[in-house]
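Novice: To start, I am sharing the structure in question, which I have written as structure tokens.
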Amino acid sequence: MSEFINDVVKLLTQVLESGAIHVIYAPNVDSIIASSIISRVLLAQGIEVDLIPQFCEAPDDGLPVVMLGLEPSTKFSQKVISVKYSEEQRIVTGSNITYVLSGSSAISTLITKVLEEIYVVPTDIKLLSLIASLDKSMNSVFSCEFSDLEKSLISDLVSEGVISIMNTIKIFKYPSIGLAEALYYTIDPFIPGLSGDLKSSSEFVKSLGISDRLSDPDRDKLVSQLLQRMTRTYRRTTFTKDVLLGDKVVVEKHDLIDDIYETYYALSYVIDRYGYYVPLTVAHSKLSLASIIANYREKFREIVDYINVIIEGLAEIEKRSVHGESLSIFRYEEVEEPPPPALLQRVLRSVGLIGDEKIVIQWSRGYSSSVQRLIPTYPLQIKDLDIEGGLVISSNYINVVKVLR
């Protein structure tokens, strides 16, 4: 492990000697956080950083290029380092392109561990990297399997007293806040009648006769009742106990982030709603992240309403097959602003309402999906499509589907 990290350090050091660099990123949570971390560190060293999303082309000016989470699809005259998520961990060197395969770790985690060999990495950066690792999971954020590198990062944060690993109920912000409030904030898993409804959550907890400090019998009672509620609503044969019970990361000491799972959803929401460029400063300024979290909480009831429309069967869902791939089209044709597609897709997958299919939202301006779901190639050819904020939009759903992974 350390030998691999040292090789990456040497590689990046050579590239950074130029005094300026192009960083090309995929517009998803992990790559955006990695870009923010890199730009913070390099700008502090007087290195000029040009951040470029994958659907814009970098100038062919001879400056080195670092790609985060992307597969280069064209030949480059300048030197390129492509840092990619992979099941293996190694470095592959071609003509002008060197691939750094991350070994099942988030790009942000790899970048952070590399920087630790050169700089003293602040706690805020480590915690952001851990949040970025949740992006690897396609379903519930609680189902993310941490790599050895990420476990090392977790160990660092535990030793610093920032987080702990606790075997408890897997809902947002618990046990930092009371049960009823935690159930209210939890949308993964989305618990019918409780998520986003504080009054019902409070009445539910009171009806069970349990306190916020759960004993083992009370915990089992709570989990049993929640699973029954989910099974009844989602009409699945069963939800296993581990959906709601197991090890989770608990934030013990941080002045801004009080739950990594909620913060991940806040970042994903802001990308979808306001644009891929909005979180690019999260590693630079606490104010940036604070405003993102605050905005998510302000819009939380609206997010819950979008999800409830699907769960309650009020939105039409059309199933199609496009070039042999499954597709679900969610129709919100009357709305002026569509639901956040990446967030909606993850929430629905976490409770099994959809599978691995691609999703497209139909609304008043056509069809759209999230830039977070774009095929990870560079440069991505965008034809007959508009990119507005965090959405890919077209009058034809097939144009959208073509660029989704």
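Let's see how each residue does on (1) within 21 Å of ASP135 (Cα to Cα); (2) touching a Cys at 6+ places or on another chain (Cβ under 6 Å); (3) in contact (Cβ under 8 Å) with a residue 12 or more places away in the chain; (4) surrounded by fewer than 19 Cβ atoms within 10 Å (Cβ to Cβ):
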{"residue": "SER321", "(1), (2), (3), (4)": "no, no, no, yes"}
{"residue": "PRO339", "(1), (2), (3), (4)": "yes, no, yes, no"}
{"residue": "VAL347", "(1), (2), (3), (4)": "yes, no, yes, no"}
{"residue": "ASP384", "(1), (2), (3), (4)": "no, no, yes, yes"}
{"residue": "VAL400", "(1), (2), (3), (4)": "no, no, yes, no"}
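Novice: Looking only at the range 386-398, count how many residues are within 22 Å of LYS319 (Cα to Cα) and in contact (Cβ under 8 Å) with a residue 60 or more places away in the chain.
Specialist: Residues that pass the stated criteria total 3.
Novice: Right, something else. Only one residue in SER326, SER364 is surrounded by 14 or more Cβ atoms within 10 Å (Cβ to Cβ) and at negative phi. Which one? Please lay out each step first, then the result.
Specialist: Working: SER364 fails: surrounded by 14 or more Cβ atoms within 10 Å (Cβ to Cβ).
Only one candidate qualifies: SER326.
Novice: Let me ask you something else. If you take the residues in the range 52-73 that are surrounded by fewer than 18 Cβ atoms within 10 Å (Cβ to Cβ) and touching a residue at least 40 places away in the same chain (Cβ under 8 Å), which one is farthest from GLN14 (Cα to Cα)? Write out each step before concluding.
Specialist: So in the range 52-73, the residues surrounded by fewer than 18 Cβ atoms within 10 Å (Cβ to Cβ) come out as 56-57, 59-63, 71, 73.
This time we only want the ones that are touching a residue at least 40 places away in the same chain (Cβ under 8 Å), so: 56-57, 63, 71, 73.
On the way: CYS56: 25, GLU57: 23, LEU63: 12, GLU71: 21, SER73: 23 Å.
Per the criteria, the residue is CYS56.
Novice: Out of all the residues in the range 136-172, which are hydroxyl-bearing (Ser, Thr, Tyr) and outside any helix (DSSP H, G or I)?
Specialist: SER137, SER140, SER147, SER164, THR168
Novice: Being crowded, with 20+ Cβ neighbours inside 10 Å and either over 22 Å from LYS286 (Cβ atoms) or aliphatic (A, V, I, L, M) (or both) is the filter here; which residues of the range 116-138 pass it?
Specialist: Answer for the range 116-138, where residues must be crowded, with 20+ Cβ neighbours inside 10 Å and either over 22 Å from LYS286 (Cβ atoms) or aliphatic (A, V, I, L, M) (or both): VAL121, ILE125, LEU127, LEU128, LEU130, ILE131, ALA132, LEU134, LYS136.
Novice: Residues that are in contact (Cβ under 8 Å) with a residue 24 or more places away in the chain, under 21 Å from the mean Cα position of the chain (by Cα) and either surrounded by fewer than 19 Cβ atoms within 10 Å (Cβ to Cβ) or closer than 17 Å to ILE81 by Cα (or both): does the range 38-47 have at least one?
Specialist: Yes, that holds for at least one residue.
Novice: Here's a follow-up. Output the qualifying pairs, or none if there are none: Cβ atoms under 8 angstrom, residues six or more apart or on different chains, first residue in the range 104-132 and free of Cβ contacts under 8 Å to residues at least 12 places away in the same chain, second residue assigned to a helix (DSSP H, G or I).
Specialist: VAL121/THR112; VAL121/LEU115
Novice: Can you report the number of residues in the range 374-396 which are more than 17 Å from ILE329 (Cα to Cα) and in a loop (DSSP other than H, G, I, E, B)?
Specialist: The qualifying residues number 11.
Residues are listed down the side, and each one gets a yes or a no for (1) buried (at least 16 other Cβ atoms within 10 Å of the Cβ); (2) within 24 Å of the chain's Cα centre (by Cα); (3) not in a loop (DSSP other than H, G, I, E, B):
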residue: TYR174; (1), (2), (3): yes, yes, no
residue: GLY196; (1), (2), (3): yes, yes, no
residue: SER202; (1), (2), (3): yes, no, yes
residue: SER207; (1), (2), (3): no, no, yes
residue: ILE210; (1), (2), (3): yes, no, no
residue: LYS221; (1), (2), (3): no, no, yes
residue: LEU227; (1), (2), (3): yes, no, yes
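Novice: Quick check on the range 97-115: of everything there that is among the small types (Gly, Ala, Ser) and more than 30 Å from LEU353 (Cβ to Cβ), which residue is surrounded by the most Cβ atoms within 10 Å (Cβ to Cβ)?
Specialist: So, considering only residues that are among the small types (Gly, Ala, Ser) and more than 30 Å from LEU353 (Cβ to Cβ), the one surrounded by the most Cβ atoms within 10 Å (Cβ to Cβ) is SER102.
Novice: I've got another one for you. Restricting the search to the range 293-324, which residues are under 22 Å from LEU198 (Cα atoms) and among the aliphatic types (A, V, I, L, M)?
Specialist: Answer for the range 293-324, where residues must be under 22 Å from LEU198 (Cα atoms) and among the aliphatic types (A, V, I, L, M): ILE293, ALA294, ILE303, VAL304, ILE307, VAL309, ILE310, ILE311.
Novice: Mind checking whether some residue in the range 193-208 is touching a residue at least 60 places away in the same chain (Cβ under 8 Å) and aromatic (Phe, Trp, Tyr)?
Specialist: No; the residues of the range 193-208 include none that is touching a residue at least 60 places away in the same chain (Cβ under 8 Å) and aromatic (Phe, Trp, Tyr).
Novice: To continue, here is another question. I'd like the full set of residues that are basic (Lys, Arg) and surrounded by 18 or more Cβ atoms within 10 Å (Cβ to Cβ), limited to the range 139-172.
Specialist: LYS170
Novice: Follow-up. For the range 370-397, enumerate the residues that are closer than 30 Å to PHE239 by Cα and either assigned by TED's automatic domain parsing to the domain that holds SER73 or in contact with a Leu (Cβ under 6 Å, 6 or more places away or on another chain) (or both).
Specialist: Within the range 370-397, just ARG373 meets the criteria.
Novice: Whether any residue in the range 209-217 is more than 18 Å from ILE177 (Cα to Cα) and either not assigned by TED's automatic domain parsing to the domain that holds LEU343 or not aromatic (Phe, Trp, Tyr) (or both) is what I want to check.
Specialist: Checked against the condition, which is being more than 18 Å from ILE177 (Cα to Cα) and either not assigned by TED's automatic domain parsing to the domain that holds LEU343 or not aromatic (Phe, Trp, Tyr) (or both), the range 209-217 yields at least one hit.
Novice: Just checking, does the range 74-96 include any residue being over 17 Å from the mean Cα position of the chain (by Cα), surrounded by 15 or more Cβ atoms within 10 Å (Cβ to Cβ) and within 25 Å of ASP259 (Cα to Cα)?
Specialist: The answer is no; no qualifying residue exists.
The values are calculated or read from the model by the stated rules, or taken from the named source; none is laboratory data. The structure presented is a predicted model; accordingly, all values stated were derived computationally and were not measured. With ideal geometry, Cβ positions are generated from the backbone for all residues, glycine too; neighbour counts draw on all protein chains shown.
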